[in-house]
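Below is one structure, written out as structure tokens; the observations come after it.
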Protein chains: 2
Amino acid sequence: MELMSDFRSYAPDLGLEKSTITLSPFESHHLVGTNRAKQGNEVILFNGTGLEWKARLEKADKRRCVLIKKEAFHYNRPTKNITLAIALIKGKTFDSILRQATELGIARIQPLTTQWTQVQIKNAESKCKKWQMQLVEACKQSGNPWLPILSDPKKLDQLLEEDPIETAVVASLESKAKNWSDLKLSRAVTLFIGPEGDFTPDEYQLLIESGAQPVSLGPHVLRSETAAVSALSVLSESINQIGD
Amino acid sequence: MELMSDFRSYAPDLGLEKSTITLSPFESHHLVGTNRAKQGNEVILFNGTGLEWKARLEKADKRRCVLIKKEAFHYNRPTKNITLAIALIKGKTFDSILRQATELGIARIQPLTTQWTQVQIKNAESKCKKWQMQLVEACKQSGNPWLPILSDPKKLDQLLEEDPIETAVVASLESKAKNWSDLKLSRAVTLFIGPEGDFTPDEYQLLIESGAQPVSLGPHVLRSETAAVSALSVLSESINQIGD
């Protein structure tokens, strides 16, 4: 079940014990300026960790909207926990992948830099802020009450050294890549997707040695956005079939 | 196995019995003008129906490239036959879906108009020509030797009246939608994806009465491009699991 309304706003400090909330200037502007919500309209507020309010817009102010709770709803935590560890890509494609991954309900995004990554992050903080906005926007549009966690970009080798991976899968064009049905999966999986020029042979080896299982995404060379959405979807369905 | 080279060109009139080929002006310009291939370079030619040549660029002419066969390779016809019947979408998103569907190896694309389709096709012939170019381009980039068949856009009700569907699946947000594992699939499946405003209840009913099985793509509302790529990927993997 899902609370439906034409308006959705992100309110991270929503609490079960509260009865009114004031939106951030950004969310206020989006709700009233862009989406033209009026006083008295019903708005769905979500905090990104499974709590939603059906609320009434009491003060329609472009910088400081105030809303009153009518009803609260708490979603169960998803039974799948998928992390997308994906090499940075130039331009708007990366934004688009973030949005699509959010629609598909993944738990965490780990941007990667690799040997063949062509993107340099000059201002990581402003980049992450921009990405965060894409995630929030995708939650609004898709009705996903769980905002994915956005981790700071990391070098692949550094990540593998610092964070031991549990169940992990890497999309691979190599001949040793397995079929989905031959993988050993659990409910918490990290999916690695390489850059446009793919991971280097050294990086593949490092991933495999760290426990990642190479999976084939079919006979053709997929672009990163196709690879990410395709692999996330089949992974999610494969986890469904594990049962409880 | 796949013939690899940095250059790929589309040559629909490639034949097993021939030994030289002249490219179209468009393909000649793309190969020599855009991709800067030089005389003597190795080029992979594909005819879109599973035949490839490894060829030598003999005459690097921007309007009329001539190539000589060095080796021919014929791919087995794919064992899956997926048709994507998808409602038209505004702007470049539809182009992007065509490309991604081609990367994923689908057999046919059937553009649909529906009650809530916001796109009007004024010049169907020029549109189809533009779409065809997207398919060829995606074949080149992904190394897919099979060019999807692009059918003329049709109204959904007209399509269902004229072409009886065999196995079909429709992405659905309705509560009656099934899980992938509960569908009855075969190796030839048509996948229906609605417009941004979804199919109307009447259209859903018509699809179901025509034999399409409603499938849920998860708890969130997916945009068309996410729905198409996600559903095609899971469908393809589900067909793999049918076995032979």
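The values are calculated or read from the model by the stated rules, or taken from the named source; none is laboratory data. Keep in mind that what you see is a predicted model, and the values were worked out from it rather than measured. When we count neighbours, we look across all protein chains shown, and the Cβ atoms used for this are built from the backbone with ideal geometry, even at glycine.
Taking the residues in the range A:154-175 that are part of a loop (DSSP other than H, G, I, E, B) and among the polar types (S, T, N, Q) as candidates, determine which candidate is nearest to A:T226 (Cα to Cα). Checked the range A:154-175; the qualifying residue nearest to A:T226 (Cα to Cα) is A:S172. Entry remark, the range A:110-127: residues being surrounded by fewer than 16 Cβ atoms within 10 Å (Cβ to Cβ) and among the hydrophobic types (A, V, I, L, M, F, W, C) number 3 in total. Is it the case that the range B:180-187 has a residue that's part of a helix (DSSP H, G or I), among the aromatic types (F, W, Y) and within 13 Å of another protein chain (Cβ to nearest Cβ)? The answer is yes, given that some residue of the range B:180-187 is part of a helix (DSSP H, G or I), among the aromatic types (F, W, Y) and within 13 Å of another protein chain (Cβ to nearest Cβ). Comparison of A:K38, A:K54 shows that the only residue that is farther than 23 Å from A:K129 by Cβ and free of Cβ contacts under 8 Å to residues at least 40 places away in the same chain is A:K38.
Which condition does A:H220 not pass, out of (1) surrounded by 14 or more Cβ atoms within 10 Å (Cβ to Cβ); (2) over 22 Å from the mean Cα position of the chain (by Cα); (3) in contact (Cβ under 8 Å) with a residue 12 or more places away in the chain, if it passes all the others? If we test A:H220 against (1) surrounded by 14 or more Cβ atoms within 10 Å (Cβ to Cβ); (2) over 22 Å from the mean Cα position of the chain (by Cα); (3) in contact (Cβ under 8 Å) with a residue 12 or more places away in the chain, just (3) comes out false.
For the range B:188-207, a residue qualifies if it is away from chain A (no Cβ under 14 Å), buried (at least 16 other Cβ atoms within 10 Å of the Cβ) and over 21 Å from the mean Cα position of the chain (by Cα), and the qualifying residues are B:F199, B:E203, B:Y204, B:L206, B:L207. For beta carbons closer than 9 Å, sequence separation of 6+ or different chains, a first residue in the range B:176-191 that is free of Cβ contacts under 8 Å to residues at least 12 places away in the same chain and a second that is in a strand (DSSP E or B), the qualifying pairs are B:D182/B:Q213; B:D182/B:V215. Taking the stated definitions as given, is B:S233 crowded, with 21+ Cβ neighbours inside 10 Å, polar (S, T, N, Q), assigned by TED's automatic domain parsing to the domain that holds B:P111 and in contact with a helix residue (DSSP H, G or I) (Cβ under 8 Å, 6 or more places away or on another chain)? So B:S233 passes the test. Every condition in (1) out of contact with any Ser or Thr (no Cβ under 9 Å at 6 or more places or on another chain); (2) away from chain B (no Cβ under 14 Å) holds for A:P78 except the one numbered (2).
Of all the criteria given as (1) modelled with pLDDT of 95 or more; (2) part of a loop (DSSP other than H, G, I, E, B), the one not satisfied by A:D198 is (1). Considering the range A:110-126 alone, what residues qualify as being of a type outside the set (S, T, N, Q) and part of a strand (DSSP E or B)? The answer is A:P111, A:L112.
Residues that are within 7 Å of chain A (Cβ to nearest Cβ) and not polar (S, T, N, Q) within the range B:220-244 comprise B:H220, B:V221, B:L222, B:R223, B:V229, B:V234, B:E237, listed in sequence order. The residues on offer are B:R108, B:R99, and the sole one that is in the same structural domain as B:A171 (by TED's automatic domain parsing), out of contact with any helix residue (DSSP H, G or I) (no Cβ under 9 Å at 6 or more places or on another chain) and under 22 Å from A:S233 (Cα atoms) is B:R108. When B:C139 is tested against the conditions (1) in a loop (DSSP other than H, G, I, E, B); (2) surrounded by 22 or more Cβ atoms within 10 Å (Cβ to Cβ), the lone failure is (1). Where strands (runs of 3 or more DSSP E) sit wholly within the range B:46-109, those with at least 2 residues that are surrounded by 22 or more Cβ atoms within 10 Å (Cβ to Cβ) occupy B:51-59, B:81-87.
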